[in-house]
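Single-structure report; data block below.
The values are calculated or read from the model by the stated rules, or taken from the named source; none is laboratory data. Since this is a predicted model, take the numbers as computed values, not measurements. Neighbour counts are summed over all protein chains in view; Cβ atoms, including those assigned to glycine, are modelled from backbone coordinates with ideal geometry. The protein model used for the area step is the full one, side chains on, heavy atoms only, and it has no ligands, DNA or RNA in it. Shrake-Rupley method; radii C 1.70, N 1.55, O 1.52, S 1.80 Å.
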Amino acid sequence: AVLHAVSPMKDVDCFHPENVGLLVQGTPRFAPCTPYGVQQLLIRNGIETAGRHAVVLGRSDIVGKPMANLLVQRGPGGDATVTICHSRTRDLAAITRQADILIAAIGQAQFVTADMVKPGAVVVDVGMNRLDSGKLVGDVDFDSVREVAGHITPVPGGVGPLTVTMLLKNTLTAATLAAARS
């Protein structure tokens, strides 16, 4: 009910069903903030996605599903072959080891270990977890995986600031659209 109550023209998080539908069709009004930040990170670091096997670890409506939708679209930061994995995926490590690009958004601290990563793979950690010690970590065991990965994002300081940046970009787009309508 809350998602339907927000005007799709003001839905800068891209949660409203109308905006999700536009995303799936490849004509987004607003791009979902965290997935779009990941896509921009890949593009701006010269990481080719076309023809690559991207594995998205997590199927949430906030990150997993929209991330897969962005990666499969035509154009820069897209054209990937995408597999979505989740808590019910059998032999998860065998699938993640096939990934040229592994995006971890499963919500479990240090879940992805070095034996789950293909040597040279790009690993993007979207997770944000606090250990009992108070330390902030991602869904990837950074210290072990960085020995295997070709590229890896840190937590904190990786994807998080990009999420905020994309939210500001979407807010500017919404304001521009509103000004054009008035």
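Descriptive notes on the structure:
- Checked against (1) more than 18 Å from ASN170 (Cα to Cα); (2) of a type in the set (Val, Ile, Thr); (3) open to solvent by less than 80 Å² (accessible area, probe 1.4 Å), VAL2 passes all but a single condition, namely (3).
- Taken together, the residues in region 1-37 that are in a helix (DSSP H, G or I) and out of contact with any helix residue (DSSP H, G or I) (no Cβ under 6 Å at 6 or more places or on another chain) amount to 11.
- Condition check for ALA109: open to solvent by 30 Å² or more (accessible area, probe 1.4 Å), over 15 Å from the mean Cα position of the chain (by Cα) and more than 30 Å from LEU131 (Cβ to Cβ): no
- The condition (being free of Cβ contacts under 8 Å to residues at least 24 places away in the same chain, open to solvent by 50 Å² or more (accessible area, probe 1.4 Å), on the phi < 0 side of the Ramachandran plot and part of a helix (DSSP H, G or I)) is satisfied by just one residue among LEU177, LEU168: LEU168.
- Filtering region 26-66 to residues that are of a type in the set (Phe, Trp, Tyr) and open to solvent by less than 10 Å² (accessible area, probe 1.4 Å) leaves only PHE30.
- Among residues of region 12-25 that are open to solvent by 30 Å² or more (accessible area, probe 1.4 Å), those with a beta-carbon under 6 Å from a residue that is not in a helix (DSSP H, G or I) at least six positions away or on a different chain give the pairs GLU18/PRO8; LEU22/PRO28; LEU22/ARG29.
For (1) farther than 24 Å from PHE30 by Cβ; (2) more than 14 Å from the chain's Cα centre (by Cα); (3) open to solvent by less than 40 Å² (accessible area, probe 1.4 Å); (4) of a type in the set (D, E, K, R), each residue gets a yes or a no:
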{"site": "ALA94", "(1), (2), (3), (4)": "yes, yes, yes, no"}
{"site": "ILE101", "(1), (2), (3), (4)": "no, no, yes, no"}
{"site": "GLY127", "(1), (2), (3), (4)": "no, no, yes, no"}
{"site": "VAL137", "(1), (2), (3), (4)": "yes, yes, yes, no"}
{"site": "ARG181", "(1), (2), (3), (4)": "no, yes, no, yes"}
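- Across region 132-149, the number of residues qualifying as in a loop (DSSP other than H, G, I, E, B) and touching a strand residue (DSSP E or B) at 6+ places or on another chain (Cβ under 6 Å) comes to 4.
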